[in-house]
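Data block below; observations after.
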2 protein chains.
Amino acid sequence: MYDHSCSNCAMSEICLPLGLDKADIGRLEKIVTTSAVRHTGDNIVRQGDAFQNVYAVKSGMTKSYRFDDAGTEYIHSFHLPGELFGLDAIYAKRYGFTVEALDTVVLCEMNFEELQVLCSHVPSLQRQVFNLLSRDLYNSHVNPIEHFDQTAEQKLSGFLHNLLSRFHARGHVSMELHLPMSRRDIANHLGLAPETISRLLKRFQQQNVIDIKNRLVTIVDQVKLESMVHCHALEASITPSEITRSVK
Amino acid sequence: MYDHSCSNCAMSEICLPLGLDKADIGRLEKIVTTSAVRHTGDNIVRQGDAFQNVYAVKSGMTKSYRFDDAGTEYIHSFHLPGELFGLDAIYAKRYGFTVEALDTVVLCEMNFEELQVLCSHVPSLQRQVFNLLSRDLYNSHVNPIEHFDQTAEQKLSGFLHNLLSRFHARGHVSMELHLPMSRRDIANHLGLAPETISRLLKRFQQQNVIDIKNRLVTIVDQVKLESMVHCHALEASITPSEITRSVK
DNA sequence: AGAATTAATTGATTTAGATCAAACCCATTT
DNA sequence: AAATGGGTTTGATCTAAATCAATTAATTCT
């Protein structure tokens, strides 16, 4: 739709172009277009639609969700700049998730057939697509949305910690996290009740781990937050460092 | 290690060779070897080992598990004939899971570097590897090990139903499932306590859904089993069909 | 700006499944 | 055949987080 340049994109080092030389990036740019600006609530792809393109987020945040056969909604993921989505639809040939803009979003779009053809001519691109697919697979195997034995506290602290490190990996330095999604979205994503999210955020604030102003979360004590992710039974009155790790 | 033939393998239609013509299957066979027989408890790959090969199960069953930083074990998956493992290690360059034989197992082994090179010369193979990666990704996104809002009953019935349909897709016709893994393994895999597995299997038997003799499970009523996967609140005294689906 | 609507919080109660504790059942081994 | 030791089952109790029920705070709309 618009002229596209991967060479000048701030996300090129964590996105598709990683590992490509200048000439090959040029070939990639030819099959990538930059989308018009999407606004809050806009759907980028819809669950069930025929698969055609894979997307990379250039700026803003998206959420992916689906409704199962029983009509239950599952919010699977939130995508940050430099992250791809749509790769899980290659096999099924239909998108499994609706992807929606949570704020003002700009995307890169590429036709997967063209990408596949380019991959067979550019080995380093084929390698990078294998790498990105494998990384997504590894992440969903090793860090699934929730580990069944995780407490609500572990899930929420893990969620905040994960978001913060992804932002930092993208060059952000601030300890402020603007969460454009609702508490209900966070709750659904983590498999918890919205009430539980409310109560936990309040407790995290009382324990001086975070500071909340509506949807703006400031990480006050990153070390304490990280220890919460791993510690099983954290009593409200005991600091995490005082707890001996219980090895099952 | 041993001579290998994909052309004569019963699993070729659901494994890597799918979509390849005769000549290309011949090229694939050159980089695949068939392993010596592995026995119960043998490790095929170990968590943390340098990634080198991807594997396909030719016969028997394996389990994949890992220990997280806190020392907690997670049993991630059980692999049936025709299924690949190791693809999630491409990016990390180390295996994230130990894969262990649950009974007598024969495997196909291929060096991933060689497979990658072959993919850039055989477009239909590249396509199939993308498809298999995408399918695994889709499955782990859409059917994660457990959905947080699933009851223990849904998880276990889903597990049995999933195993049965995978066996049937592989040409088995029997309603008998030999589960070579322990109750503890099933429990860990589903994020439940072994006691819960015991109690549920007993109840399933009392409701004439299955029949159990140690580790041999016979599916007596497949329809009822399937309905259990989807129904939320199944009272012991009410049959699933009597319950109105609750749409959240 | 004020009304209407939706999102978020707070408190009381309930419950599914974990945990604890003990018995039992197989399969080996001696 | 008795003994050892996992794996499995069964029962009693406990608890984290859901659900139910209001209330309060933010948005959005007119």
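The values are calculated or read from the model by the stated rules, or taken from the named source; none is laboratory data. The structure displayed is predicted, hence computed values, not measured ones. Positions of Cβ are backbone-derived with ideal geometry, glycine not excepted, and every protein chain shown enters the neighbour counts. The protein model used for the area step is the full one, side chains on, heavy atoms only, and it has no ligands, DNA or RNA in it. Shrake-Rupley method; radii C 1.70, N 1.55, O 1.52, S 1.80 Å.
Sorted shortest first, the distances from the residue B:21 label point to those of the same residue in the other copies are 3.2 nm; each point sits 7 Å from Cα along Cα-to-Cβ.
In the assembly of identical copies, residue B:230 has its label point, taken 7 Å from Cα in the direction of the beta carbon, separated from the corresponding points by 4.4 nm (ascending, one decimal). Would segment B:152-242 count as rounded, prolate or oblate if I go by the C-alpha gyration tensor, calling it rounded below 1.5 in a/c and otherwise prolate when a/b exceeds b/c, oblate otherwise? Taking the square roots of the gyration eigenvalues as a ≥ b ≥ c, segment B:152-242 is oblate. Using the 1.4 Å probe convention, the accessible area of segment A:152-242 works out to 49 Å² per residue with neighbouring protein chains retained. Based on alpha-carbon atoms, the Kirkwood radius and the radius of gyration of chain B give Rg/Rh equal to 1.00. Annotation: lysines with alpha-carbon distance below 26 angstrom to residue A:93 (same-chain offsets under eight excluded): A:30, A:58, A:63, B:22.
Please give the calculated 222 nm ellipticity per residue for the protein assembly as shown, where each DSSP H segment of at least 4 residues contributes -39500 (n - 2.57) and the sum is spread over every residue; nearest 500 deg cm²/dmol? Walk me through the numbers before you get to the answer.
Values: 14 runs with 174 residues, N = 496.
It lands at -11000 deg cm²/dmol.
Take the accessible area of B alone and of A alone, subtract that of the pair with a 1.4 Å probe, and the total buried over both chains is about 4500 Å². Surface composition of chain A: carbon plus sulfur atoms hold 50% of the accessible area, using a 1.4 angstrom probe and ignoring ligands, DNA and RNA.
Placing a label point 7 Å from the Cα of residue B:148 along the Cα-to-Cβ direction, the distances to the matching points in the other copies come to 1.6 nm, shortest first. Report the residue, chosen from B:43, B:162, B:143, that carries the largest GNM mean-square fluctuation when chain B is represented by alpha-carbon nodes joined by springs under 10 Å. Top of the fluctuation ranking is B:143. At an R0 of 30 angstrom, the distance between the Cβ atoms of residue A:220 and residue B:93 translates into a FRET efficiency of 0.25. Within chain A, the longest segment free of exposed loop sites, counting GluC sites (Glu not before Pro) that fall outside DSSP classes H, G, I, E and B and have at most 15 other Cβ atoms within 10 Å, spans A:14-234. Where does the charge balance sit around residue A:6 when Lys and Arg score +1, Asp and Glu -1, over other residues with C-beta under 14 Å from its C-beta? My count for the surroundings of residue A:6 gives -2. Amide H contacts of residue B:45 (H built 1.01 Å from N, in plane; Pro and chain starts excluded): B:99 sit under 5 Å, all sequence-distant by 5 or more or on other chains. Taking a ≥ b ≥ c as the square roots of the eigenvalues of the Cα gyration tensor, an a/c ratio of 1.5 or more together with a/b no larger than b/c marks the protein assembly as shown as oblate.
Just A:56, A:169, A:23 to compare: in a GNM of chain A, with alpha carbon springs under 10 Å, which one fluctuates most? Highest fluctuation among the options: A:23. Note on segment B:69-216: Rg/Rh from Cα positions, Kirkwood definition for Rh, rounded to two decimals, is 1.00. Which net charge results when you count Lys and Arg as +1 and Asp and Glu as -1 among the other residues whose beta-carbon is under 15 Å from that of residue B:178? Local charge sum for residue B:178: +2. Amide hydrogen proximity for residue A:62: with H placed 1.01 Å from N in the peptide plane, the residues at 5 or more positions away or on another chain lying under 5 Å are A:79, A:102.
Computed with the Debye formula from one identical point scatterer per Cα of segment A:15-117, without solvent, the log10 of I(q)/I(0) at q = 0.14, 0.17, 0.18, 0.22 Å⁻¹ comes to -0.54, -0.78, -0.86, -1.20. Taking amide H positions as modeled 1.01 Å from N, with prolines and chain starts lacking one, the residues under 5 Å from residue A:51 and 5 or more places away or on another chain are A:94, A:95. Run the numbers on segment A:143-166: which residues show a drop of 30 Å² or more in accessible area, chain on its own versus all protein chains together, using a 1.4 Å probe over heavy atoms? The answer is A:146, A:147, A:148, A:149 - residues whose exposure falls by at least 30 Å² when every protein chain is included. Once the chain from residue A:162 to residue A:206 is taken as fully extended at 0.36 nm per residue, the excess over their C-alpha distance is 13.7 nm. Averaged per residue, segment A:43-118 has 34 square angstrom of accessible surface, using a 1.4 angstrom probe with ligands and nucleic acids left out.
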